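I have placed the structure first, in the form of structure tokens, so that the comments after it can refer back to it.
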Amino acid sequence: MSKFNKEWKLHFESERQYRALRSALVYEGYAHESEHGAFLFASQSGDRRLEVVDVVILKPDDFATQTPYYLDLDDAVLQEMIIRAHKTNTALIEAHSHPFTKGPRVCFSPFDCNGLADIGPQMLWRLPDRPYVALVFGRDAFDSLYWEGREREPRGSLDLVVAGQLLRASRESQRFWRENHG
């Protein structure tokens, strides 16, 4: 079995479900848009498959700060999402946009990685026995990092499967993480 097959994959039931998420995060045509965020809840199976069961699109008042280059989530909102994932026994997946990133090389920013270095391991402790996933969407591509077990470092990236079609993560964040955090 190849390494690719051993990694988690995030499955969207339909293209419509995926497009709704992308369009909420990356608004086409806006010159001065802010970053946007969402949380996904996913059931998991033994074959390293995460199935999206619900999506919460965050509103401007869910953030302490929301700018074109920076998001700071309100602590109460994160706590609410953790409680929801705990009650539904689902994996918690955070997603946000980099609205000005074009091309295939989308990557988490240094600020994102510093926050994920704290939140990734914390989520494994708060939501045991499930992976924690972070997604970032640019205009033309996405990237991801995931944590599982008791790891303090991300284990890798995961790809998306949208209505049976495989969408590959850029994996730029893995490279950046190894160079700056590893």
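The values are calculated or read from the model by the stated rules, or taken from the named source; none is laboratory data. In this text the structure is predicted, and so the values were computed from the model without any measurement. For neighbour counting, all protein chains shown are included, and Cβ atoms are generated from backbone atoms with ideal geometry for every residue, glycine included. The accessibility values were calculated without ligands, DNA or RNA, using every heavy atom of the protein model including side chains. Shrake-Rupley method; radii C 1.70, N 1.55, O 1.52, S 1.80 Å.
Here are the numbers for this structure:
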| quantity | calculated |
| --- | --- |
| Residue under evaluation K102, criteria (1) under 22 Å from A20 (Cα atoms); (2) open to solvent by less than 20 Å² (accessible area, probe 1.4 Å), criterion not met | (2) |
| Test: L160 is in contact with a Lys or Arg (Cβ under 9 Å, 6 or more places away or on another chain) and not polar (S, T, N, Q) | yes |
| In segment 82-95, residue nearest to W8 (Cα to Cα) [restricted to those that are surrounded by fewer than 21 Cβ atoms within 10 Å (Cβ to Cβ) and out of contact with any helix residue (DSSP H, G or I) (no Cβ under 6 Å at 6 or more places or on another chain)] | N89 |
| Residue check for E28: modelled with pLDDT of 90 or more and assigned to a loop (DSSP other than H, G, I, E, B) | no |
| Among the residues listed as V55, V77, the single one being open to solvent by 30 Å² or more (accessible area, probe 1.4 Å) and either assigned to a helix (DSSP H, G or I) or in contact with a helix residue (DSSP H, G or I) (Cβ under 6 Å, 6 or more places away or on another chain) (or both) | V55 |
| Residues located in segment 1-25, provided they are in a helix (DSSP H, G or I) and at pLDDT 90 or above | E15, R16, Q17, Y18, R19, A20, L21, R22, S23, A24, L25 |
| Set L50, L71: member being part of a strand (DSSP E or B), within 24 Å of S23 (Cα to Cα) and out of contact with any Asp or Glu (no Cβ under 6 Å at 6 or more places or on another chain) | L50 |
| Residues of segment 120-134 that turn out to be under 16 Å from L78 (Cβ atoms) and either touching a strand residue (DSSP E or B) at 6+ places or on another chain (Cβ under 8 Å) or open to solvent by less than 10 Å² (accessible area, probe 1.4 Å) (or both), as a count | 8 |
| Residue list for segment 38-57, restricted to those being closer than 17 Å to A134 by Cβ, at pLDDT 95 or above and not β-branched (V, I, T) | A38, F39, L40, F41, A42, L50 |
